[in-house]
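Reading through the structure tokens given below for one structure.
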Amino acid sequence: DQAATWRYKEAEAPDGWEQPGFEDATWKEGKGAFGHKDGSEKFISTPWQGKEIYLRSTFNYDGASFDNAMLVIHYDNDTTVYLNGKPLFTADKWNDVYAGVDVTNDMRPLLKEGENTIAVHTRQDTGGQFIDLALLIGSRAE
């Protein structure tokens, strides 16, 4: 199972929650996807039925050059994704499938060698709710 483990909070997070080094040890732990949505049950690992969810995870990057960066994301509703404390992706409403978003140019100045922090805030209003994502980087074959 390659799913990332996330720290998450279903109540409003304090200022600075999206920043690297924020102390999230008291937050719950879960694996994506998070939600409660008809038709998406097979993807959901961690139930979420509140109005807000805040997610945090870290990953290591070896600093290798890359040609493309893709955010693969399924969100319902309004979502903002942060990389190392800076907004990487923002969307309102929802999408009903996993979709790829080219974030190559936005990611280049934010990604750093060593540990990186990805943070996500998703807000729920009506209907189903869901958040799951992956950040992929790659290089063109020579």
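Below are the figures for this structure:
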{"quantity": "In the stretch 52-140, GluC sites (Glu not before Pro) in a DSSP loop with at most 15 other beta-carbon atoms within 10 Å", "calculated": "GLU113"}
{"quantity": "The chain - share of DSSP beta bridges that are antiparallel (%, nearest 5)", "calculated": "95"}
{"quantity": "The stretch 1-129: translational diffusion in µm²/s, Stokes-Einstein, Kirkwood Rh over Cα pairs, 20 °C, 1.002 mPa s", "calculated": "140"}
{"quantity": "Sum of side-chain charges, SER65 neighbourhood, beta-carbon under 12 Å (Lys, Arg +1; Asp, Glu -1)", "calculated": "-1"}
{"quantity": "Largest to smallest accessible area among ARG56, ARG123 [probe 1.4 Å]", "calculated": "ARG123, ARG56"}
{"quantity": "Heavy-atom accessible area order for VAL97, VAL72, largest first, 1.4 Å probe", "calculated": "VAL97, VAL72"}
{"quantity": "Accessible-area ranking of LYS51, LYS31, largest first, probe 1.4 Å", "calculated": "LYS51, LYS31"}
{"quantity": "Accessible area per residue, Å², the chain with all protein chains present, probe 1.4 Å", "calculated": "56"}
{"quantity": "Carbon + sulfur, % of accessible area of the chain - ligands and nucleic acids excluded, 1.4 Å", "calculated": "47"}
{"quantity": "Highest to lowest packing among 12-19, 81-88, scored as the average C-beta count within 10 Å", "calculated": "81-88, 12-19"}
{"quantity": "Label point distance in nm, LEU136-THR5, each placed 7 Å from Cα along Cα→Cβ", "calculated": "2.5"}
{"quantity": "Residue-level accessible surface for THR58, protein heavy atoms, 1.4 Å, Å²", "calculated": "80"}
{"quantity": "About the Cα centre, charge dipole magnitude for the chain (Lys/Arg +1, Asp/Glu -1 at Cβ), debye", "calculated": "60"}
{"quantity": "SER139 accessible area, 1.4 Å probe, all protein chains in place, Å² to nearest 10", "calculated": "70"}
{"quantity": "Accessible-area value, THR90, 1.4 Å probe, nucleic acids and ligands omitted, Å²", "calculated": "100"}
{"quantity": "Relative contact order of the chain, pairs being alpha-carbon contacts under 8 Å that are 6 or more residues apart, as %", "calculated": "32"}
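The values are calculated or read from the model by the stated rules, or taken from the named source; none is laboratory data. If you're wondering where the values come from, they're calculated on a predicted model, not measured in any experiment. Positions of Cβ are generated from backbone atoms using ideal geometry, with glycine treated the same way; all protein chains shown enter the neighbour counts. Accessible surface areas use protein heavy atoms only, side chains included; no ligands, DNA or RNA. Shrake-Rupley method; radii C 1.70, N 1.55, O 1.52, S 1.80 Å.
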